[in-house]
Amino acid sequence: MMLVFVFFVEAKGQVQTREVRGVVQDSTGRPLVGVTVRLYAKQDTMMVSTNDQGRFVFNKVAANDFKLTFSLIGFQLFERQYTSNVLLPITELVTVNLKEQPQELQEIAVYGVVPVVIKQDTVQYNARAYDVRENALLEEMIKLMPGLQVDRNGNIDAQGQRVTRVKVNGKDFFDGDVLTATRNLPADIIENIQIIDDYGDQANITGIRNTEPEKVLNVTIKDEKNFGAFGQVTAGGGVDLNDKTHGRYIGSFSANRFNGSKQLSILGSTNNTNTSLFSFGDVSGAGSRNGPDLNSMMDAGDGVNTANSIGVNYRDDIAQGVTVYGGYTFTKRDNQTVGTSGLQSIYQNRVINARDEVNSRTENIKHKLTWTIEANIDTANYLKITPTASYLSSKLLSETHSTITNNAVFTDRIYNVSGASSDPNFDIDIFYNHRFPKNGRNFTFTSKIDYYKRNRDDDVNDFITNIDSAQSSASPSRSYEIFNQRVHNFSYDRSLLFNIAYTEPVTKRSYLELNYQYESNSIANARNTFGIDTLTSSEQLIDSLSIDYDYLFQTHQFGLNYQGDIDRFKYTVGFALQPTKLDGKTPSREVVTHINNLNFVPSARLQYSINKTSNLAFSYRGQNNQPTFTQIQPIRDITNPQYVVVGNANLKPEFMNMLSLQYRHFSIHNGSSFFTNLSFTHVQDKVVANRISSPNSTIQETEFLNADGFYDMRGFYHYSTPLAGKILTLNLNGSLDYTNNLTYLNNVRNVGKNIVFAQNLQMNFQIEDLIEADLRSSYTVNKITYDIPTFIDSEANTFSLGFGSKCYLPKKWILSVDFSQRLNTGYSNYINVNPTLLNVYIEKSFFQNDMAAIRVQGFDLFNQNTGVRREVTGNDIFDVRNNRLARYFLVSLNIRLQKFPSGS
């Protein structure tokens, strides 16, 4: 696209005005019709559209400094600041060439109210296609969009992958916090929603994508809604029938002021209703006016939480081409969890069973400050700097009663821990790009510096009784162990990454990239363990439980990538040589290790755009994983005497081979959508555990070694189709995960084949302004089989069925009922539970535009809300049942205010 502007300056006495005119063309020189051209100046804002010849004109512009923006569906948005010195000659000619970058997101052509358009790495949803009630929040609209799933805590899964960051108008909002945007922004100000596979700043410039993408949700605000103010206040209180000494309460507020590129938001919340941090107006807190969601009634967080949070976010264009954005957040969360867990450790011809009764209380306080500066220095240079500082302090008080059996050996254990930690962290990201005059020639520099420090002190009281009946069940032998210890841990982690890349165009539609990356991770860890005399309270250092260990992991990567674009087919192929070095030392024990390795890392990405609503993508990449500190520390760690850990300083880094296939389709004809992901991961030199146990002891020891043979296969699909227009919609989604896991048991190799299968069905029924309802069912199976014949295979199943409805009654009354039944089989008898959940609320809206609502809510009326889950790792099957916030009643008031310019 080519833009040609002519400025005519006219002097009349002391008042000087100019005529700004120009022509807009595409890259072939053809005029573009209907381009929206906006002129922004301190005195005024004007808007015109180009005519049949692609021409536009602004008459009598008085400002010397102004900004022009150009937008047209199917083309990139362009904007630039202009300065005209009236003392210079009257006529000034400016020519701008817009060259389409292959990696940059383009505006997607959405005609009428087509709900979904798919292009390259982006799925865009047209907000006009999704009807929500007045005063609804963004989260309620997202729940209606095919391929997107929102759970009770506000987490969003897009095409089977978790959304990890949110942006508003292309910039981070509250450091990318998803909940803050989805539960604060009104749905009626949204133009569209984009789900983007974001490969990072460098890929967005060069177009070469050979890293793991991040799922990003980008919210585009309607032009006319970028000027105004909006916010809400929620307050509520109630009673908890399980804890009559402490009532339930919630309070939250949000205030937002948008003035074009300048944005200011302040948010705060306090509650003890297990409302997620920065979830303002959450359904469990009786502030949200969302539709029925069966997940929303099932509190996914274990324990009972008290949470307080406040945050501020600011964004502004402070100078020509310079944008700043960022903010500060404070969160405090107290959690109390009471639970039971069962651990089956399976060995040849026997099983060690451990049952724990746990009562724990934690307190976490976090401060976080982040700030980003983006500078388009000129047409050729771009700089982005993001420093982040945070401080986390934590306290823990835990009481555990364990019973462990291994054939004729029985252990009874009381294990109590009280501790505190502090974790300061600082990191800075720097990105620079230089664009050469030749189209497609770029130089980029990326750097990341991170410093993390931790101090932790724990007081441990451990009382162990061992009973051995192997020799005589009538007179078993008994032994007792008592440990009173104070443990001080100090560690720091310093990491450095920098990358340089040079991109050279080979043809008009292909590019070659040369790159080099250096990464280092330096970790120092010191632990001093002191035995405490119970009579004198004196402390004495225990050398065998103390350690001072440092290690440095370094990688160099030299890479070459080639990208081509043939009509609808885009491809990237490349390779890298990656030498790695791991150095470790333990000064106090004179242990020194050096490990060198060289990896050949091929990469490929193929993408085919079938049409505007369908695409297919395939990718392969390789990655190194360094051993963790616990795995590599060269000591016998008996801090927990029942579970001894022995590190291996000679471990090699893992190397992962990852393949993925993705297909996305939306039918304009019938409104159906289909998304699927398939992935395969193979790991060379996988760090696996060697679990060692003797028949006459409940103590287990874990060592580590490298082994080959680990792989994982995953698949996901989502299908959505309307059955009766917008009245009835069918949603189907499912997943399958097969893991070929490795572990060694008493030095014997064992392969555990773990299959997790899940299938979900949901029917949504909606008659506008009358009723919203859904019927949902799901089934999950978790099965593990072993290749050692004496092992016992295991299987756990979960089936759930639910119904939710929301009825809109006369005189602005709303009645909502949510019901869910969950059936679990295959868990330990003392773990298994089948909760029946029922939530009911009635709400009355009043005042102009229903700006206020009062709600009376009953949560978990049957008092059965409980969390049950299973985890399978190596030869361990871990079942957990924890308490969750159960039956309570709440009365709340929610007020929402907004003011936008008239006519918007």
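Of note:
- Verdict on Lys395 being under 22 Å from Gln81 (Cα atoms), of a type in the set (D, E, K, R) and in contact with a strand residue (DSSP E or B) (Cβ under 8 Å, 6 or more places away or on another chain): no
- When Ser805 is tested against (1) more than 28 Å from the chain's Cα centre (by Cα); (2) open to solvent by 50 Å² or more (accessible area, probe 1.4 Å), exactly one condition is not met: (2).
- When residues of the stretch 409-424 are limited to those that are open to solvent by less than 30 Å² (accessible area, probe 1.4 Å) and not small (Gly, Ala, Ser), the one farthest from Asn376 (Cα to Cα): Val409
- One residue from Thr245, Thr234 being loosely packed, with under 15 Cβ neighbours inside 10 Å and over 22 Å from Val324 (Cα atoms): Thr245
- Looking only at the stretch 474-488, residues that are free of Cβ contacts under 8 Å to residues at least 60 places away in the same chain and either in contact with a Pro (Cβ under 8 Å, 6 or more places away or on another chain) or outside any loop (DSSP other than H, G, I, E, B) (or both) come to 8 in all.
- Figure legend. Inter-residue proximity from the stretch 644-667: first residues under 28 Å from Ile118 (Cα atoms) and open to solvent by 50 Å² or more (accessible area, probe 1.4 Å), second residues at pLDDT below 90 and in a loop (DSSP other than H, G, I, E, B), beta-carbon distance below 7 Å, spacing 6+ or different chains. Indicated pairs: His665/Thr613.
- Which listed residue, of Arg165, Arg128, is surrounded by fewer than 20 Cβ atoms within 10 Å (Cβ to Cβ) and over 25 Å from Asn670 (Cβ atoms): Arg165
- Test result for Ile788, assigned to a loop (DSSP other than H, G, I, E, B) and either more than 21 Å from Val868 (Cβ to Cβ) or open to solvent by less than 20 Å² (accessible area, probe 1.4 Å) (or both): yes
- Within the stretch 684-695, one or more residues are at positive phi and among the charged types (D, E, K, R).
- Verdict on Pro627 being open to solvent by less than 20 Å² (accessible area, probe 1.4 Å), assigned to a loop (DSSP other than H, G, I, E, B) and either within 30 Å of Leu577 (Cα to Cα) or among the small types (Gly, Ala, Ser) (or both): yes
- When the stretch 29-46 is filtered for residues that are at pLDDT 75 or above and not β-branched (Val, Ile, Thr), the ones remaining, listed by number, are Arg38, Leu39, Tyr40, Ala41, Met46.
- The set of residues in the stretch 849-901 that are among the acidic types (Asp, Glu), surrounded by 18 or more Cβ atoms within 10 Å (Cβ to Cβ) and on the phi > 0 side of the Ramachandran plot contains only Asp860.
- Flag for Leu606 being more than 30 Å from the chain's Cα centre (by Cα) and either assigned to a strand (DSSP E or B) or surrounded by 13 or more Cβ atoms within 10 Å (Cβ to Cβ) (or both): no
- Residue count for the stretch 234-251, restricted to those that are among the hydroxyl-bearing types (Ser, Thr, Tyr) and either in contact (Cβ under 8 Å) with a residue 12 or more places away in the chain or over 21 Å from Asn883 (Cα atoms) (or both): 2
- Residue that is surrounded by the most Cβ atoms within 10 Å (Cβ to Cβ) [pool: residues in the stretch 425-445 that are among the basic types (Lys, Arg) and in contact with a Lys or Arg (Cβ under 9 Å, 6 or more places away or on another chain)]: Arg435
- Annotation for the stretch 664-674: no member residue is in a loop (DSSP other than H, G, I, E, B) and in contact with a helix residue (DSSP H, G or I) (Cβ under 6 Å, 6 or more places away or on another chain).
- Residues that are among the hydroxyl-bearing types (Ser, Thr, Tyr) and within 27 Å of the chain's Cα centre (by Cα), drawn from the stretch 673-701: Ser673, Thr676, Ser679, Thr681
- Residue check, Asn461 over 25 Å from Leu577 (Cα atoms), touching a His at 6+ places or on another chain (Cβ under 8 Å) and in contact (Cβ under 8 Å) with a residue 24 or more places away in the chain: no
- Scanning the stretch 523-544 turns up no residue that is within 30 Å of Gly440 (Cα to Cα), in contact (Cβ under 8 Å) with a residue 24 or more places away in the chain and surrounded by 13 or more Cβ atoms within 10 Å (Cβ to Cβ).
- Residue match in the stretch 328-339 (condition: closer than 21 Å to Phe258 by Cβ, of a type outside the set (Asp, Glu) and in contact (Cβ under 8 Å) with a residue 60 or more places away in the chain): yes
Listed here are the residues, each with its yes/no results for (1) under 16 Å from Asn153 (Cα atoms); (2) crowded, with 24+ Cβ neighbours inside 10 Å; (3) modelled with pLDDT under 90.
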site: Phe253; (1), (2), (3): no, no, no
site: Phe258; (1), (2), (3): no, no, no
site: Leu264; (1), (2), (3): no, no, no
site: Phe280; (1), (2), (3): yes, yes, yes
site: Thr306; (1), (2), (3): yes, no, no
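The values are calculated or read from the model by the stated rules, or taken from the named source; none is laboratory data. This one's a predicted model, so the numbers in the text were calculated from it and none came from an experiment. Don't worry about glycine lacking a Cβ; one is built from the backbone with ideal geometry, like all the others, and counts go over all protein chains shown. Remember, those area values only see protein heavy atoms, side chains included, never the ligands or the DNA or RNA. Shrake-Rupley method; radii C 1.70, N 1.55, O 1.52, S 1.80 Å.
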